[in-house]
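Trainee: Below: one structure in structure tokens.
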Amino acid sequence: MKLVYDALYGDHLRDLGHPESPDRVEVVAARLTQRGLAGDVRHPLDAADDEIERVHEPRYVELVKREIGDLSGPRYLSTGDVVVDARTLDVARRAAGGAIAAVEATVESGTPAFALVRPPGHHAESARGMGFCVFNNAAIAARAYQARAGGRVLLIDFDYHHGNGTQDVVGAGLSYVSTHASPAYPGTGYESTAIGDDALINIPLPASGIATEAFVAIWEHLLGSAAAFVRPDLIVASAGFDYVAGDPVGDLGVDVSAASALARAINRTAQQHCGGRVAYVLEGGYDIDALTESIAQLIDVTNRADTRENDASAQAIPAAQRELLRALDERFQR
Ligand SMILES: [Zn+2]
């Protein structure tokens, strides 16, 4: 599996003790290398202003530049809860570039690629950075694909948190499907609706947690339904692993083995609908051991081309979520 990584990703918030730490990529990359799972590393370019501005308003990009400008120490971005420092703009540009590079890699090869990037992106709205996120890497990559090839992108998000930033830019060929804890930060992600031919699908999950089998069964169902409706040319996955039990920021009580199951289902969906094209872009995941293990499993399943159907019964899905899925299937039939 092609891995997109750059040493620059460690330079944001170094030595600050913030949960969104350099270890999330530096330690993970080192361990993947030790395990022989980081064999094929692609180095990204920086995303240019015009690429970022397909998702973010120019006045927000200017605000980020102005506020980070010549910082001597860390501060909060004025738009929300994002700590930034003097290196953040350079790192965030290359994170968006990393997501774009993962899309390019999967388009070239017809096999999945993984962007091991930070800062994460899915909370960054068109005109507002928040939730540790500066630029919406996954959405920027989706728009870069569309700018080059046209077509439709299905952006799926299995992070513990709702991607309010991605929801903010849905439409014009970009569909979004999310599971997320609720009630939980950022407090969005309740409605599902069609926006023209595009789908916005939100499945809130109990913040008290959910059985691993149910989590997997929900995604097996969602991927099939959403892909049948959207008929994507590309899948981009906001890959956040803070759903894993024990995560210090998230924690849905889900076992680390879910990453294998998700990868099987997502890669299979990509094979069935869009020539195997799927770009995974790292979002959350704050327990370094669980994050490493999740990404290692995802890479291993991908390298073995393991796309078998997961043994996860729909009966395991809680009644409320089963009802949501049933209503979705009605609404999103073509
Ligand atoms: Zn998260």
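Trainee: Distance between Cα centroids, region 205-283 to region 74-102: provide it in whole Å.
Mentor: About 25 Å separates the Cα centre of region 205-283 from the one of region 74-102.
Trainee: From the residues LEU252, PRO119, GLY171, which one has its Cα farthest along the dipole of region 2-331 in the positive direction, the dipole being from +1 and -1 charges on Cβ of Lys/Arg and Asp/Glu about the Cα centre?
Mentor: GLY171
Trainee: Sticking with this structure for a sec: Please report the net charge: other residues with Cβ closer than 14 Å to the Cβ of GLN321, K and R +1, D and E -1.
Mentor: On the way: positive: ARG322, ARG326; negative: GLU213, GLU220, GLU323, ASP329.
Net local charge, GLN321 excluded: -2.
Trainee: Over the chain, what relative contact order in percent results from Cα pairs under 8 Å that are six or more residues apart? Before the final figure, lay out the partial values.
Mentor: Working: 787 pairs, mean separation 59.5, N = 334.
Over the chain, the number comes to 18 percent.
Trainee: Same structure again: If you take the square roots of the eigenvalues of the alpha-carbon gyration tensor of the chain and sort them as a ≥ b ≥ c, do you get rounded (a/c under 1.5), prolate (a/b over b/c) or oblate?
Mentor: Numbers: a/c = 1.37, a/b = 1.29, b/c = 1.06.
It comes out rounded by the Cα gyration axes.
Trainee: Could you work out how far apart the two model spin labels at ALA7 and ALA211 are, taking each label as a point 7 Å from the Cα in the direction of the beta carbon, and quote it in nm?
Mentor: About 4.8 nm, to one decimal.
Trainee: Counting Lys and Arg as +1 and Asp and Glu as -1, what is the net charge of the other residues whose Cβ lies under 14 Å from the Cβ of GLY80?
Mentor: Values: positive: ARG75, ARG128; negative: GLU20, GLU67, ASP81, GLU125, ASP168.
Local net charge: -3.
Trainee: Tell me, what is the FRET efficiency for ALA86 and ALA147 to the nearest 0.05, using R0 = 41 angstrom and their Cβ-Cβ distance as r?
Mentor: E(calc), rounded to 0.05, equals 0.85.
Trainee: Then there's this: So what's the angle, to the nearest 10 degrees on a 0 to 90 scale, between helix 23-34 and the longest Cα principal axis of the chain?
Mentor: The angle comes out at about 70 degrees.
Trainee: For region 1-153, just say rounded, prolate or oblate: build the C-alpha gyration tensor, square-root its eigenvalues into a ≥ b ≥ c, call rounded for a/c under 1.5, and beyond that prolate if a/b exceeds b/c, oblate if not. Before the final figure, lay out the partial values.
Mentor: Numbers: a/c = 2.29, a/b = 1.17, b/c = 1.96.
It comes out oblate by the Cα gyration axes.
Trainee: Run the simple label-point estimate for ARG231 and ALA30 please: 7 Å along Cα→C-beta, distance reported in nm.
Mentor: Here the answer is 4.9 nm between the modelled labels.
Trainee: Could you tally the net charge around TYR243, taking each other residue with its Cβ under 9 Å from the Cβ of TYR243, Lys/Arg +1 and Asp/Glu -1? Could you put the intermediate results ahead of the total?
Mentor: Working: positive: none; negative: ASP159, ASP242, ASP247, ASP251.
Taking every Cβ under 9 Å from that of TYR243, the sum is -4.
Trainee: Can you compute the helix-only [θ] at 222 nm over the chain? Use -39500 (n - 2.57) per DSSP H run of at least 4 residues, normalise by all residues, nearest 500 deg cm²/dmol. Spell out each step's value before the answer.
Mentor: Working: 10 runs with 132 residues, N = 334.
My calculation for the chain gives -12500 deg cm²/dmol from helical runs alone.
Trainee: Let me ask you something else. Between ALA48 and LEU71, what is the label-to-label distance in nm when each label sits 7 Å out along the Cα-to-Cβ direction?
Mentor: 2.6 nm
Trainee: Sticking with this one: On C-alpha positions alone, give me the angle between the axis of helix 58-68 and the longest principal axis of the chain, in degrees, nearest 10.
Mentor: The angle comes out near 50 degrees.
Trainee: Would you please put 324-333, 144-153, 198-207, 120-129 in order of how densely packed they are, using the mean number of other Cβ atoms within 10 angstrom per residue and starting with the highest?
Mentor: 120-129, 198-207, 144-153, 324-333
Every read-out reported here was derived from the displayed coordinates using simple, explicitly stated rules and does not represent laboratory data. Since this is a predicted model, take the numbers as computed values, not measurements. So basically every Cβ, Gly included, is an ideal-geometry build from the backbone, and we count neighbours across all protein chains shown.
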